[in-house]
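The values are calculated or read from the model by the stated rules, or taken from the named source; none is laboratory data. As the structure is a prediction and not an experimental result, all values here were calculated from the model. Here the Cβ is made from the backbone with ideal geometry for all residues, glycine too, and neighbour counts use every protein chain on show. The area values use the complete protein model at the heavy-atom level, side chains included, leaving out ligands, DNA and RNA. Shrake-Rupley method; radii C 1.70, N 1.55, O 1.52, S 1.80 Å.
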Amino acid sequence: MEGDERESRVIVSHAPGMVFQYVLRESGRYTMPFASNQALNVLGITAESLQMNPVLFEEIILWKDRKSFRESRAQSAETLSTWNWEGRVWIESYHDVKWVSLRASPRREKGVG
């Protein structure tokens, strides 16, 4: 691992919130190639679990909030505008609902389809 990348990972690992990379493919399928270890504290799901099965994130979103999640994601992808979403998730380990605020900067990448 290069020095800059190592330094970036150290900074991310100490961020109070969860840092992630969310890739939406043209097919509508999505992946999460990176999720910081704060995923466990924020969502009650390990980063490794999210990377292996990114659907876990959408599954914990409360049913009433999933439509706004999908609509905001689609608008961001279509217009390449900042993705802002606030909604509720069910954290199984807490047996409680938690509000989360998502903010992401989209970009198009060649070869991602």
### Task
Of the options 75, 97, 44, report the single residue whose Cα projects farthest towards the positive end of the charge dipole of region 1-109 (beta-carbon charges: Lys, Arg +1; Asp, Glu -1).
75
### Message
P(r) for the chain, please, calculated from all Cα pair distances in 5 Å bins and given in %.
### Response
2, 11, 19, 24, 22, 13, 6, 2, 0
### Query
If the chain between residue 90 and residue 31 were fully stretched, how many nm would it gain, using 0.36 nm times the residue separation less the Cα-Cα distance?
19.2 nm
### Query
Under the rule of -39500 (n - 2.57) per DSSP H run of 4 or more residues, summed and divided by the residues of the chain, what mean residue ellipticity at 222 nm is obtained, to the nearest 500 deg cm²/dmol?
-11000 deg cm²/dmol
### Query
Taking all protein chains as present, what is the carbon and sulfur share of the accessible area of the chain, in % to the nearest whole number, probe 1.4 Å?
51 percent
### Query
Taking the chain as a Gaussian network, Cα atoms linked when under 10 Å apart, which of 49, 13, 101 shows the biggest mean-square fluctuation?
101
### Added length on full extension, which subtracts the Cα-Cα distance from 0.36 nm per residue, residue 104 to residue 13
31.0 nm
### Query
Dividing the convex hull volume of the Cα atoms of region 51-103 by its residue count, what figure in Å³ per residue is obtained?
85 Å³
### Heavy-atom surface of the chain, accessible at 1.4 Å and reported per residue (Å²)
69 Å²
### Magnitude of the charge dipole, region 42-113, Cβ model with Lys/Arg +1 and Asp/Glu -1, debye to 20
300 debye
### Summary
Among region 51-75, those whose backbone N falls under 11 Å of a label point 7 Å along Cα→Cβ from residue 24 are 69-75
